[in-house]
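One structure is given below, encoded as structure tokens.
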Amino acid sequence: YAGDFLTIAWMYADEPGGAGELGILLDRCFLNQPAAKAVRNRRELLREELQRSLTLTDQRPVRVTSLACGPAAEVFDILLQEPDLAAQVSFTLVDVDEQALQYVRERLIREELESVVQLERRNLLHLCIGRQQLELEPQHLIYSIGLIDYFDDRIVTRLQTWIHSCLAPGGRSILGNFHTSNPTRGLMDHLLDWRLIHRDEADMLRLAEAAGFAPDATQCCLEPEGVNLFSVSQR
């Protein structure tokens with residue numbers, strides 16, 4: 001489906017493919033759309049936020065959870081390009097898609113990184129209503145970059161409330177959502193069948209406050225394309 005782990009991995013790779021020269025050119029056109037560029041940009045933004053988490057607490061390891069982790073490219077960016085950080089971070093990656101987890105598991109094995117990453121298969125909707133459990137020590141960072149724009153406000157509030165309960169004091173939540181100004185929205189809705197709930201800064205601030213974060217504890221930012229919006233909330 002549009003936005004699944006493999007689609008996202010292809011966007012990250014940014015290597016057009018297809019049948020013949022025309023197929024490759026068409027793929028390049030799609031990879032050059034603002035939405036695809038935004039997906040690639042958010043990977044770097046997350047890497048910066050992961051690095052920032054190391055400076056915000058003296059505790060080691062820094063405990064980080066990714067919800068709907070997909071290909072988890074940002075995790076590998078940290079662990080492979082800055083191996084001295086591997087001993088300082090403990091990752092928990094959560095996804096409902098067993099294929100996504102297997103994709104990550106196989107790469108972890110290849111890179112000999114299994115010891116610093118824990119994989120958990122959970123349905124996040126079931127987690128936030130208590131039908132499933134996930135035992136986590138208080139987390140310093142919980143993030144999800146391609147999840148909540150599939151859900152309505154009611155579900156997002158329940159999920160964000162659960163995130164709030166899992167954070168250590170001073171811990172942060174980062175949630176990504178496509179912005180209402182997304183210029184690729186028509187293409188995504190009508191051609192790619194990638195229909196999302198778009199939100200703006202006021203929406204993200206309202207949702208964070210409804211989930212229990214203090215009114216002044218959330219800030220919003222955009223990646224360079226201005227398409228992916230992020231709310232960063234501190235407990």
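The values are calculated or read from the model by the stated rules, or taken from the named source; none is laboratory data. From a predicted model like this one, the values you see are computed outputs, not experimental measurements. Positions of Cβ are generated from backbone atoms using ideal geometry, with glycine treated the same way; all protein chains shown enter the neighbour counts. Remember, those area values only see protein heavy atoms, side chains included, never the ligands or the DNA or RNA. Shrake-Rupley method; radii C 1.70, N 1.55, O 1.52, S 1.80 Å.
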Handout entry: Residues of the stretch 37-64 classified as in contact with a Ser or Thr (Cβ under 7 Å, 6 or more places away or on another chain), open to solvent by 20 Å² or more (accessible area, probe 1.4 Å) and either closer than 24 Å to L229 by Cβ or among the hydroxyl-bearing types (S, T, Y) (or both), total
Key = 0
Completion exercise
For the stretch 65-102, the count of residues that are surrounded by 18 or more Cβ atoms within 10 Å (Cβ to Cβ), modelled with pLDDT of 95 or more and in a helix (DSSP H, G or I) equals 2
Exercise for the section: Answer yes if at least one residue in the stretch 5-28 is surrounded by 20 or more Cβ atoms within 10 Å (Cβ to Cβ) and on the phi > 0 side of the Ramachandran plot, and no otherwise. Expected result: no
Completion exercise
Counting only strands (runs of 3 or more DSSP E) wholly inside the stretch 120-235, the ones holding at least 3 residues that are under 17 Å from the mean Cα position of the chain (by Cα), crowded, with 22+ Cβ neighbours inside 10 Å and among the polar types (S, T, N, Q) are 228-234
Fill in the blank from the handout: Result of the Cβ filter at 9 Å on the stretch 16-31, keeping first residues that are without any contact (Cβ under 8 Å) to a residue 40 or more places away in the chain and partners that are of a type in the set (F, W, Y) and open to solvent by less than 90 Å² (accessible area, probe 1.4 Å), at least 6 apart or interchain, is P16/F30
Problem - Count - residues of the stretch 28-49 that are under 12 Å from the mean Cα position of the chain (by Cα) and hydrophobic (A, V, I, L, M, F, W, C) - result: 3
Exercise for the section: Scan (1) modelled with pLDDT under 95; (2) open to solvent by 30 Å² or more (accessible area, probe 1.4 Å) for the single condition N32 breaks and write down its number. Expected result: (1)
Practice task
Output the residues belonging to the stretch 103-119 that are open to solvent by 40 Å² or more (accessible area, probe 1.4 Å) and part of a helix (DSSP H, G or I).
Solution key: Y103, R105, E106, R107, I109, R110, E111, E114, S115
Handout entry: Residue list for the stretch 32-65, restricted to those being touching an Asp or Glu at 6+ places or on another chain (Cβ under 6 Å) and among the aliphatic types (A, V, I, L, M)
Key = A38, L45, L46
Practice task
Would you mind stating whether R195 is more than 30 Å from C29 (Cα to Cα), touching a helix residue (DSSP H, G or I) at 6+ places or on another chain (Cβ under 7 Å) and among the basic types (K, R)?
Solution key: no
